[in-house]
Structure formats: C-alpha cells, structure tokens
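The values are calculated or read from the model by the stated rules, or taken from the named source; none is laboratory data. Predicted model only: the values in this text are computed from it and were never measured. Here Cβ is always computed from backbone atoms with ideal geometry, including for glycine, and neighbour counts include all displayed protein chains.
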Amino acid sequence: MASAKQSKKLRILLVPFFATSHINPFTDLAFHLATSRPEVVEATIAVTPANASVVRSALARRGPTSYAAAAVKVATYAFPAVQGLPPGVENLSTAKVADSWRIDVAAFDEALMRPGQESVVREISPDVIITDIHFFWNVDVAADLGVPCITFYGAGTFPTLAMRHIMLAGGVGEAAVDGVVTIPRFPAPEIRVPVTELPEFLRSRQQVSDPSTGDDPINSATSRCFGIVVSTFFDLECGYCELYVANGYVKRAYFLGPLSLPLLPQQTTTNASSTSQQCIDWLDKKLDHSVLYLCFGSFAHVTDAQLHELAMGLEASGKPFLWVVRSDSWAPSEEWTDRVGDRGMVVTGWAPQTAILSHRAIGAFVTHCGWNSILETVVAGVPVLTWPLVFEQFITERFVSQVLGIGARLCPEGAGVRSTRYQENELISADVVVQSIATFMEPGGAGDSARSRVKELSAKARAAMADGGSSHRDLSRFIDDLIEARSAGAGTTLS
C-alpha cells in the first residue's frame, strides 16, 4: 500500500515576478500542470494581493470560471512597503514610469522580499516550488524544506543564453569591440549587438568575478536548482535548447511552450469584453492581411515625442492600423483622429492580443519583442516589424530577424541610436516609420516571405503542444521527474 506521502497529489507552488508579462505565463504553466493530470497534480500560484486579479483574469480566458478555479488555486502574501511606491501598486503594468524602477529594485532585494514569500511557502508546504529568476533565494527555501525548486524563464533560450555567454566571456568590457558585442560560442549566424542595446546589468558590469561560473546569485541559484522550465519549443529554437544542459548550466531543462496553447473554445465566446468585441468588429470590416497591429507590451516606456512621430507615420502610411497605446501622459489629438477616421483604431490600455493576432485581417505586428508576444505572433502566423525597448528584447530581435527570418527591423541600421535606456534613444522619425511599413507590407515584399516562414512555425508550434509533440512529451517528463523526486525524497539534489 502506498504511503500517504506518496498517494496524495503533487502540490506545486508557483511564484512569479510582479509583472503581468510574467504572471500570465506562470498562470498558463500552472493551468497545464493541473489539467494535464488533474488526479495527480495540484497547482497554486502565490502572488501579492493586487496581482491576484491578474491570475484570475488569465484563468478566466481559459474557460468557465468554475473550471478555472478548480484547476488552479491562488494564494497571497503581503507586498512589502517600498519607499516612494504608492500603496496597492504591486505590478510594473500599473506603476507609473517614474516608479517602475522601484518595483524592479525591490524584487531583487532578498531582505525585503524573502520573508513574505517564505511565509506563504511554509504555510502551503508544497512538494515543488517553481520560482521566477528574480527570486533566487527560493532555491535555498526549497532546500530547507527538502523539495525540488525549478526556475521558470520568461524569455527564450536564445536571449537567455546570449546574456549568459557575454557574462562568461568576462562581461561587456571584455567582449565589446568598437561598441559592439559579438555573442561568443553561438551557432551561426554571427549575432552582433551594440552595447547600448544590451540589458543594463550587462552594461553596468565590467566583468564577472568568476568567469568559469558567472558568479552571480541568479546563475548560481539556477545551476543548483532541480532544473529550468522555458516557454518555447524545439522547432523554434533548435540548436539553442540543447545548449542549456550540454554546457552544464542546468541539471535538467524542460521546454513546454507555447504555454498559451491549447486554448479552449470557450475563450473566444465566454469572456469577450466590450473592448474585445469592438476590436474584432472593426477588424471584420478590413481586407485579409491589410491591417498593421501595434503594441509595445504592458510596461516599457515610449516618450511622448516618439509616440507623436509614430502617429504621424501611421497617418501618412495610408495603411489600416490597430494601435494599443499605454501611456501616462500622451493621447492622439482630436484633429489626428478625425484625419485618420475609420482607417485606424486606437485602444488605450488593454487589448485582446491573441484574438487580434489570430484575425485574418492582420498583416503585420509592430512588436517590442517581448517573449510572450513573439510566441503569440508565431502561433498566429503573423510576421513582425521589430521595435525593441528594454532588457533582452534587442537580442530577441536578432533571433526573430536573423535566425527565424519572420520579420524585419522597423528602424533600419544607421537610422539612429537605440538603447535599453530610453533617455538615450534617438527619435525614429515619421518618415522612417512610413518607409518601413511600405517596404514590409507591399505585395510580394519582405512581409510576404516572412509570413510564409512564420506560418510554417505556427504549424510546428501547435504540433509541439499536441499529444505526442515535443512540448507535450516534456510536460509529461517534467511531472514524472517531480513525482520521482518526491518519492526519492531527494529535493534539489536528485541527480
């Protein structure tokens, strides 16, 4: 007879970072874990109180509320008081531009964040912890409890490995030549990134103290944890997925994406908001592949001056467009809105991106190259014009344009300085916007060849998540490995 320890459900606790772009894929992962084997797995997401609604909204998009609530549970822990941050602001998406850095800094502060997280972990006493990379201390918390800890990466294998290899080469100070870094020890093609387009932690750090290990708390924790999970699939990042384990960076790697798939049929009908319906109704009136969709994610900052130039470029392009604007201070003028008329639709705040991208009218997607958006456009089979803004997005841009060939830069080489520090960005003029859109979307142009390639990847993404596909197999292997680890009582040390 099995013991009580062995016969009860495998209780998995997931702890995401304070951004909607992290909480949503964590919720998707929890949903897949819980619904793939509901008799075996119980999934709980731990968030701060103001972020609980983000989890519930993500679950609601999966189907009826009763079904979602049964699949994934939500636990909360207190968000600590952060100097200068208003009470109740606990997400990068809701923080003002001037305050967003405070959330970033607080998230990496072990003394500030660990007590609340460790309290909810010990209260739930899970069999497994899946943590965001920010919360590296959860590896130690899991070790104290004798349970496995898994790191969930919100970016793809390509940008994550690129950053790791720069660090291992000694940092930007050693790797840069004439202000440009060539990613070392990468498969062809050669990837070159200006220093200004690298993440701040690489730009500010001249070298790592131990080049053989990367000697920083995140990479150290990742190498000690049970393994990593990435929302990607082998056919998308072939040649890069294998490097994680082959190079000895992690003990195990599971590639489970795109986690936004599969979607239940109820998603498009049960939870349609008025904004969703307005977008779809507007798109229904447009020709196939005629509309340019623009969205720069949930929190990155674009200056008012740049938004103005973009608005002028969209007006002058003559192309239909659906533009999601998230700004504290800028909105298009009434005169501009009158001139554009029904050719353009501007949505302030949230828009149903997956539904928009899957609509037949969308011809191209102007994206900031956030990993969630790249996966969503691949699933939908929509080519992209890239406009990266922060962190690893400029590296992901190279993957999209140079490796996959499913898009092109909106701002061409030599058209101005681009930077992960928004104050350093040079203005992309309306003329550049017009020219890039026209070149990419003209019949027989670059957009058509990119669309052909992304359509092939779309089919492969769905196949990966289907029964017997690579991601489906990895999900099953992941659960089996966790069950074995619990039976062995080996926690994070199981080899």
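Here are the numbers for the structure shown:
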| read-out | value |
| --- | --- |
| Hits in segment 250-271 (condition: among the aliphatic types (A, V, I, L, M), at pLDDT 50 or above and under 27 Å from His359 (Cα atoms)) | Leu256, Leu259, Leu261, Leu263 |
| Matching helices (runs of 4 or more DSSP H) fully within segment 147-234 where at least 2 residues are at pLDDT 85 or above and out of contact with any Asp or Glu (no Cβ under 6 Å at 6 or more places or on another chain) | 157-168, 200-203, 217-224 |
| Any chance Val139 is assigned to a helix (DSSP H, G or I) and more than 22 Å from Arg418 (Cα to Cα) | yes |
| Residues being assigned to a loop (DSSP other than H, G, I, E, B), free of Cβ contacts under 8 Å to residues at least 24 places away in the same chain and surrounded by 13 or more Cβ atoms within 10 Å (Cβ to Cβ) - total across segment 81-108 | 2 |
| Number of the exception - Gly344 against (1) closer than 30 Å to Arg192 by Cβ; (2) buried (at least 20 other Cβ atoms within 10 Å of the Cβ); (3) modelled with pLDDT of 95 or more; (4) in contact with a Ser or Thr (Cβ under 9 Å, 6 or more places away or on another chain) | (1) |
| Residue that is surrounded by 15 or more Cβ atoms within 10 Å (Cβ to Cβ) and at positive phi, where the choices are Gly489, Gly447, Gly416, Gly405 | Gly405 |
| Unmet criterion (only one of (1) surrounded by fewer than 18 Cβ atoms within 10 Å (Cβ to Cβ); (2) part of a helix (DSSP H, G or I); (3) at pLDDT below 95) for Leu59 | (1) |
| Hits in segment 313-363 - residues which are on the phi > 0 side of the Ramachandran plot and under 21 Å from the mean Cα position of the chain (by Cα) | Gly349 |
| Meets criteria (β-branched (Val, Ile, Thr), assigned by TED's automatic domain parsing to the domain that holds Val245 and touching a helix residue (DSSP H, G or I) at 6+ places or on another chain (Cβ under 8 Å)) for Thr151 | yes |
| Matching helices (runs of 4 or more DSSP H) fully within segment 338-404 where at least 3 residues are more than 15 Å from Leu292 (Cβ to Cβ) | 371-380, 393-398 |
| Of all residues making up segment 319-333, the number that are surrounded by fewer than 17 Cβ atoms within 10 Å (Cβ to Cβ) and either at pLDDT 95 or above or of a type in the set (S, T, N, Q) (or both) | 3 |
| For Gly416: the one exception among (1) of a type outside the set (Phe, Trp, Tyr); (2) in contact (Cβ under 8 Å) with a residue 24 or more places away in the chain; (3) assigned to a loop (DSSP other than H, G, I, E, B) | (2) |
| Subset of segment 47-65 (residues that are over 25 Å from Ser476 (Cβ atoms) and in contact (Cβ under 8 Å) with a residue 12 or more places away in the chain) | Val47, Thr48, Pro49, Ala50, Asn51, Ala52, Val54, Arg56, Ala60, Pro64 |
| Scan of segment 464-475 for residues that are touching a residue at least 24 places away in the same chain (Cβ under 8 Å) and in contact with a Ser or Thr (Cβ under 9 Å, 6 or more places away or on another chain), ordered by number | Ala464, Met465, Ser471, Leu475 |
| Subset tally (residues that are touching a Pro at 6+ places or on another chain (Cβ under 9 Å) and surrounded by fewer than 22 Cβ atoms within 10 Å (Cβ to Cβ)) for segment 377-390 | 1 |
| Test result for Thr348, under 30 Å from Ala98 (Cα atoms), free of Cβ contacts under 8 Å to residues at least 40 places away in the same chain and either outside the structural domain of Val291 (by TED's automatic domain parsing) or among the hydroxyl-bearing types (Ser, Thr, Tyr) (or both) | yes |
